[in-house]
Amino acid sequence: MNKAVTESLQLMPPAFDEDLRDWSQGNGTPPTADWHNKSNAAIVPSDGDFGSCLEILKQSALTRVRYKGETPILPGCYLRVSVRIKAMSGNLPTARIGGWAGASGTHVSYLIEQGPVTALTTYGEVVEVSAIVGTGTRGGVDMPWGLQPLYGHFGLDLEGATGGVVRIENIRIDDVTHVFQRDMMDWVDVRDFGAIGDGSTDDSAAFEAADTAANGQRVLVPKGTYFLGDHVTMSSEVRFSGQVIMPDDKRLHILRNFNLDTYYDAFGDEMLAFQKAVQAFFNSNEHEALDLCGRSLKVTSPLDMHAIVGNQTDSTIRKVIRNGQFNAWAGSDWDPETVTSSATYSTSSPLELTNVSNISQIQIGSLVQANGVGREVYVRDKNNASGRITLSQPLYDAAGTQTYTFTRFKYLIDFMSFDRVAKFIFQEVDFRCNGVASAIMLATDGDIFHCRDCDFTKPKDRAITSIGWGCQGMLVDRCNFISSELHQDVATRESIGINVNANDAKIRNSRAVRFKHFLVLHGSGHVIIGNHWFQGDSAGTALRTAGLIFTELNLKTTVTGNYIDNSFIEWSNEHDAFPDFSAEYSFGGLTLSDNIFTLNNGSTLFSFLSIKPNGPGHFVHGLSVTNNVFRSLDVRIDRVEKVDDSIATLDAGRMRNVTFDGNTFNNVDQITVNPVTLTFERTATEKNWVLEFAGYLPFEGDLRRIEGAVVEGFLRNTSNNEVFPMMSFNFNYGPDRSQCRMNFPDPVKGKVHVTGRMDNPI
């Protein structure tokens, strides 16, 4: 209804050009001074935006333009007071609607009598200032006056510094009761726009019409079942009392209150709600995050994210899923699928298997196992027609035809079928695998995949798996990885935390407990910092496995500030189809600094760093091991580093740029230092001193250089006289090339400090 018509009420104030005596400079009551013939006010007859309007030079901190007429306030009536205004020059004021509540000539005090403040920020820009006044105290009412006032004096208040010139269009007062009552209830009912809610009639158009009419207010979906046969986008906040059903390939975009709770209210099932929310998430740039609202989702089968989204092959806009839990429930859908097949490998095509039998049964994403296959090699792609499989990594010793085992693990979240996923983040999510499922399979391509503040609880086989380049620049921050094999001895464990094929992974401030291996990293440019991983068991003098495995020769990688507990670092070239050294980089570019290495219940043969060449001719050319603590608690170990020569050994004659310095050794028989300074003393005169450096040199290498020698005190000859002879050295000496011979012109005795190293610096 419009009370100006139905009850002959005069709501609209007169125009300014009719008579400025109607407009007060005060609160609007008749005794206050008006704007007639004021030097700082004038009627502008033809403004380009307003037509006839009032121009005022603001001369006081608070300048009012209030209508002296009494605008009636009736129960249940809501009035909108509005005016358009623009700044012309001088200081820019703020503006808001003002009112004076009256009853029988007296002021009704203690009420809100001003609307929201609007700042004028640009000269010439038309700004609308408005406020709602009414009897009800409801959301959206700016001046709720209750039933006591009978009328009001309304107008415009200008506040702020003086000296500004503004132009004001005629002030409007409109009855918005019939529209505003609906808005004050904060809802628009979809049924008012034709929705039936019978579960079969397509209500898509009705939903969108209600959304348009709501104009940003809430849309109510009352009890019923609403079939939406097409994509629907809701810009307004939506409240569901009824539920929605949709075809699998149709999307519901809820833009205002986009979170899992809203979708659960809409669809009535948590997993369906998640899938529908993900569909919308991947098909819209309106939101950077999907909030799971702390829900624990019961997951009974792998979530194929590509199949859920349906219409997208890649995702390159930053997206975050946060604040919830994926909880795997046991069932046959989680069982790994294993296929045994014959296939042929040739180093001429190092990333292919050919003549693959049963290829149609082999799934992309399967782990490949056979003789000569390194760890964490996966099926990246396949061609059934040609019988060819594309591998994630080359094979180091598998030329010819043999039998392969292909095992496809099942993951809570599986991105594999996407061509590319970039800048995707899981934040504060618990992947509760429960020994039933693995956690995350990455897309075949992409970069900057990020997990932060997440828990990976008991993944059955793997926590995070990469079968391609979806791990480029991957970030793992402040995450907790708990193995499902906690109570198994190390020798029987199979689970692995993370594998990486590409470059620049950052694994930081995370914790991993009792996997077979925590990290298997190919590529280079990695930063492993501030983590704690431990892989022990309660068995005495037990086997220990590598916690961190590098499979690239030249790493350009730093491992700093980690707690490496009951495991070791292994460095191999097992992902190399040509593992023999040729014209390439060999083992180099690795920095190990400020780490804590600890061993419990291990073997005396255990070492914290192991280099395993998968072919002959390799050497170390760039390794820095500094300021680490090596500690064995229960058994005294031989040394902290070794060469695993089960396939090949290192070429000690080519070592260069190796530093072992500033490390602390506890319960270690032989400390390792390079360069090492040793003290040698002869109590009987000798012309040629043979000096032994064996043991101290890293990887029990050759003594390749003498960097200096300092005599302590004096050397003495056979007559016990002090002498100052020249000395020369033959290094790389002796049957193990770990000695040097220090030569003097004549026999001497005394004490000498000699610095030697097992490498050339360049």
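Read-outs: derived from the displayed coordinates by stated rules, not from any lab. All values reported here derive from a predicted model rather than from experimental measurement. Cβ placement follows ideal geometry from the backbone for every residue including glycine, while neighbour counts extend to all protein chains displayed.
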Each residue of the stretch 120-127 in turn: what ³J(HN,Hα) in whole Hz from Karplus with 6.51, -1.76, 1.60 and θ = phi - 60°, glycine and Pro shown as x? 8, 10, 9, 5, x, 7, 7, 10
Listed by chain and number, the residues whose amide H is under 5 Å from that of GLY51, excluding neighbours fewer than 5 places away on the same chain and using placed H, are none
Which of ILE171, GLY374, GLY470 sits closest to the plus end of the dipole of the chain, meaning its Cα is farthest towards the positive end, when Lys and Arg get +1 and Asp and Glu get -1 on the C-beta? GLY374
Shape parameters for the stretch 3-178, alpha-carbon atoms, Rg then Dmax in Å: 15.5, 45
On a straight-distance basis, which lysines could pair with LYS38 in a cross-link, Cα separation under 21 angstrom, same-chain partners fewer than 8 positions away excluded? LYS58, LYS68, LYS86
Taking a straight Cα-to-Cα line shorter than 22 Å from LYS687, and setting aside same-chain lysines fewer than 8 residues away, one finds LYS749, LYS751
For the stretch 492-529 and the stretch 415-487, distance of Cα centres in Å: 11
Seen from all sides and averaged, what is the projected area of the convex hull of the Cα atoms in the stretch 186-287, in nm²? 5.4
Provide the FRET efficiency to the nearest 0.05 for the ARG239-TYR123 pair, computing r from the beta carbons and using R0 = 35 Å. 0.25
Here is the link list: LYS423/LYS506; LYS298/LYS458; LYS423/LYS460; LYS276/LYS319. Which ones come out longer than 21 Å on Cα distance? LYS423/LYS460
Using amide H atoms built 1.01 Å from N in the peptide plane, name the residues 5+ places from ASP576, or on other chains, whose amide H lies under 5 Å from its own. TYR396
Take every DSSP beta bridge whose two residues both sit in the chain, then give the antiparallel share in percent to the nearest 5. 45
Towards the positive end of the charge dipole of the chain, with charges on Cβ (+1 Lys, Arg; -1 Asp, Glu), say which of SER89, TYR411, SER624 has the farthest Cα. SER624
One quarter of the C-alpha convex hull surface, i.e. the mean projected area of the stretch 341-425 in nm², amounts to 6.1
So if I take the centroid of the Cα atoms in the stretch 73-122 and the same for the stretch 712-762, what is the distance between those two points in Å? 98
Given trypsin sites (Lys or Arg not before Pro), DSSP loops and at most 10 other Cβ atoms within 10 Å, the longest exposed-site-free stretch of the chain is 224-635
Just need the relative contact order of the chain here, percent rounded to a whole number, with Cα pairs under 8 Å and 6+ apart. 6
If you put +1 on each Lys and Arg Cβ and -1 on each Asp and Glu Cβ, how big is the dipole of the stretch 258-358 around its Cα centre, in Debye rounded to 20? 180
Give, rounded to the nearest 20 debye, the magnitude of the charge dipole that the stretch 186-287 has about its Cα centre when Lys and Arg contribute +1 at Cβ and Asp and Glu contribute -1 at Cβ. 120
List the residues whose amide H sits under 5 Å from the amide H of PHE587, counting only those 5 or more places along or on another chain, with H placed 1.01 Å from N in the peptide plane. PHE619, HIS621
Determine the alpha carbon to alpha carbon distance for each of LYS382/LYS556; LYS382/LYS410; LYS516/LYS612 and list only those over 21 Å. LYS382/LYS556
Percent antiparallel among DSSP beta bridges confined to the stretch 3-178, nearest 5, equals 95
Listed residue (SER349, SER109, ALA652) projecting farthest to the positive dipole end of the chain, Cβ model: ALA652
What label, among (1) 39.9, 135; (2) 36.4, 134; (3) 27.9, 90, belongs to Rg and Dmax of the Cα atoms in Å computed from the structure on display? (1)
